[in-house]
Amino acid sequence: MAIDQIHDLQQVYRKLLHSMSRPGTISSIEQETKQVDINFGCADSFILSAMVLLDAEVTFHVLSKDRQNLIEKISNYTSARFASVKEADFILVLQEDEESDVLEAMAQCKIGNLIDPQQSATWIIESAVLSNEDALVLTGPGIETAAHLSTGQSFRFWQARDSRIKEYPMGIDMIFADSSSQIACLPRTVSAIPMEVK
Amino acid sequence: MRTNTHFAFFDEGSKKEIRRATLKAVAIPGYQVPFASREMPIARGWGTGGLQLTLSLIGKTDVLKVIDQGADESVNAVSIKKLVQETTGVQVTDQTEEADLIQSRHRIPEIPLTKDQILVLQVPMPEPLRPVEAREYATKRMHSEDDYSGAWLMLFEQIVKYGKTATAADHPVYVNGRYVMAPSPIPRFDNPKMHQSEALILLGAGREKKIYAVPPYTAVESLAFEDYPFAVESFEGQECRLCGSAHVFLDELIDQKTGETVYQCNDTSYCMEQLNSTEKAEVESSYA
Ligand SMILES: [Zn+2]
């Protein structure tokens, strides 16, 4: 069975919204990933997150240089246009991507401006299996006291993110999607402190 | 004749645009995110912003409650429910606890909302600085510079004039210590319910084309001066003439026969529930 563009994507959106409103909260979209019958060569939850948000009105960037195939598939399915890392509304990061490329993109992507802070890039990141182990300590709006999240990203990744959110309200928002049909989000408002050095 | 056959009225492109704006609104609490507000088959000013949010959110299994100034049965609430139901087939309810989506105009329900609920508030005027500055680019600049002297001046002038802040409804709030936000024309009584709320609160202004949000567990402070602290409407010594509730927002009515002032819950479904539970308790105790 194929993905239902209306009802399945509505369900994924609600999970995204739930997790974006409650940073660190991991949502399962297993019911919806079951319906994905095309092999994009990446996690189904990652592709579904992109499908929920991408259309002809927005642009995306894929970091990996040898994924022309993925770029074409995403364009075909969503009608979104590929753009440079500096212009893209969505930055799509795969687990296989080199850390140096990720850090460079983080430094270059758009973070909005003080008048229009919403004109910023949203990152959709294919992550290691998400868990609420205390790799990261999260605090900020949406979190009652503190939350814990493990995404598999390095210390340098969090440092780089930190440098792009320190001029709040400018910043970047992140969606993590794993191979176990789980998603979690980190809006720019949330401080993420790594508890171990990798 | 309704020729629109889309689920939840909108085509998927319209929903996506609202959804993207909503996620940005959650990520920047209290900031008004522009969106391409659509024409709706209800009159503008009757909650098209809230309705567009609801339609972008709703799925087949949701249970919807719509209230207008505390009442589930008002013409406006009924016509919104009708449109949503006709295009989605979802279940509607009057019971606050049963709903997972609650669209409201001018009130936040008396029953505390939970993490499994989303409150959508209809907003006629999203810009708290509009009374002091008519130009949109100028108010956007003020927000960007965290310059809220205009909002403070407004409150100061009220105090000079009336000896207190005289905002009847829509008293401005500071969200997450950064943006001053119009909470929509809820009474001051409801402002504290936004502070560290368990439920996500989304606000939509159709005519002004803005979406903004208060995520759960977010600081929401009503603007006030140290020597003139913020105060909610007081109904001290009063209670609902029907259910006997105190500590809720009461409507002041004049009894037609006696000419006396009487009070009644503004949140009608809350009042009904109190009545039902008292009756039940009475029945149960009479059998005991
Ligand atoms: Zn009552």
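Measuring nothing but alpha carbons in the stretch B:117-193 and taking Rh as the Kirkwood radius, the Rg to Rh ratio lands at 0.97. Restricting attention to the protein assembly as shown, close to 55% of DSSP beta bridges with both partner residues there are antiparallel.
Amide H to amide H distances under 5 Å link B:VAL180 with B:VAL175, where only residues 5 or more positions off or on other chains count and H is placed in the peptide plane.
In summary, the aspartates and glutamates within cross-link reach of B:LYS140, defined as a Cα separation below 12 angstrom excluding same-chain residues under 8 places away, comprise A:ASP116, B:GLU127.
With the helix formula -39500 (n - 2.57) applied to DSSP H stretches of n ≥ 4, chain A reaches a computed 222 nm mean residue ellipticity of -9000 deg cm²/dmol. Shielding value for B:211-223 is 3, the average number of Cβ atoms from other chains within 10 Å of each residue's Cβ. The mean sequence separation of alpha-carbon pairs under 8 Å and at least six residues apart, normalised by the residue count of the stretch B:12-222, gives a relative contact order of 28 percent. Is the stretch B:6-122 rounded, prolate or oblate when judged by the Cα gyration tensor, a ≥ b ≥ c being the square roots of its eigenvalues, rounded requiring a/c under 1.5 and prolate requiring a/b larger than b/c? It is rounded, given that a/c, with a ≥ b ≥ c, falls under 1.5. The label-point distance for B:SER234 and B:GLU279, in a model that sets each label 7 Å from Cα toward Cβ, rounds to 3.6 nm.
For the stretch B:78-135, trypsin sites (Lys or Arg not before Pro) are listed when DSSP marks them as loop and at most 10 other Cβ atoms sit within 10 Å of their Cβ; the list is B:ARG135. Only Lys, Arg, Asp and Glu carry charge here, each on its Cβ (+1 for the first two, -1 for the last two); on that basis chain B has a dipole of about 1420 debye about its Cα centre. Quarter the surface of the alpha carbon convex hull of chain A and you get the mean projected area, 10.3 square nanometres.
The sum of -39500 (n - 2.57) across all DSSP H runs of n ≥ 4, divided by the residue count of chain B, sets its helix-only mean residue ellipticity at 222 nm to -9500 deg cm²/dmol. Label-to-label distance, B:HIS247 versus B:SER144, with points set 7 angstrom from Cα along the beta-carbon direction: 4.6 nm. Other residues lying with their Cβ under 14 Å from the Cβ of A:ALA121 contribute a combined charge of +2, Lys and Arg counting +1, Asp and Glu -1. Shape class for chain B, computed from the alpha carbon gyration tensor (a ≥ b ≥ c): oblate, with a/c not under 1.5 and a/b at or below b/c. The H on the amide N of A:ILE91, modeled in the peptide plane, is under 5 Å from the matching H of A:HIS61, A:THR122, A:TRP123, A:ILE124, each at least 5 residues off or on a different chain. Entry comment: accessible area of chain B is 45 Å² per residue, from protein heavy atoms only and a probe of 1.4 Å.
Max-minus-min Cα coordinates of the protein assembly as shown on each principal axis give 83, 52, 50 Å, with the largest extent listed first. Among B:TYR179, A:TYR168, B:TYR228, the order of accessible area from largest down is B:TYR228, A:TYR168, B:TYR179, computed with a 1.4 Å probe on protein heavy atoms. Within chain B, DSSP assigns beta bridges of which about 55% are antiparallel (rounded to the nearest 5). The calculated FRET efficiency for the pair A:PHE155 and B:ALA168, based on their C-beta separation and a Förster distance of 51 Å, comes to about 0.45. Pairs spanning more than 22 Å between alpha-carbon atoms, out of A:LYS73/B:LYS60; A:LYS65/B:LYS16; A:LYS15/A:LYS65; B:LYS16/B:LYS210; A:LYS15/A:LYS110; B:LYS16/B:LYS209: A:LYS73/B:LYS60; A:LYS65/B:LYS16; A:LYS15/A:LYS65; A:LYS15/A:LYS110.
Interface of B with A. Using a 1.4 Å probe and counting protein heavy atoms only, the two chains hide about 3300 Å² of accessible surface, both sides summed.
From the alpha carbon centroid of the stretch B:146-203 to that of the stretch B:250-286 is 30 Å. Pairs over the 29 Å Cα-Cα cut-off, from the set B:LYS24/B:LYS115; A:LYS86/A:LYS166; B:LYS82/B:LYS257: B:LYS82/B:LYS257. Exposed loop positions in chain B were taken to be GluC sites (Glu not before Pro) whose DSSP state is not H, G, I, E or B and which have at most 11 other beta-carbon atoms within 10 angstrom. Between these positions, the longest stretch is B:40-144. Residues A:SER45, B:SER74, ordered by accessible area of protein heavy atoms at a 1.4 angstrom probe radius and largest first, appear as B:SER74, A:SER45. Sequentially through the stretch B:256-273, phi angles give Karplus couplings (6.51, -1.76, 1.60; θ = phi - 60°) of 4, 7, 8, x, 7, 7, 10, 10, 8, 3, 7, 7, 5, 5, 4, 4, 4, 5 Hz, Gly and Pro residues having no value and appearing as x.
The values are calculated or read from the model by the stated rules, or taken from the named source; none is laboratory data. Here the structure is a predicted model, which is why all the values come from computation and not from measurement. Cβ sites come from the backbone with ideal geometry, for glycine too, and all protein chains shown count toward neighbours. Calculation scope for accessible area: heavy atoms of the full protein, side chains included, ligands and nucleic acids excluded. Shrake-Rupley method; radii C 1.70, N 1.55, O 1.52, S 1.80 Å.
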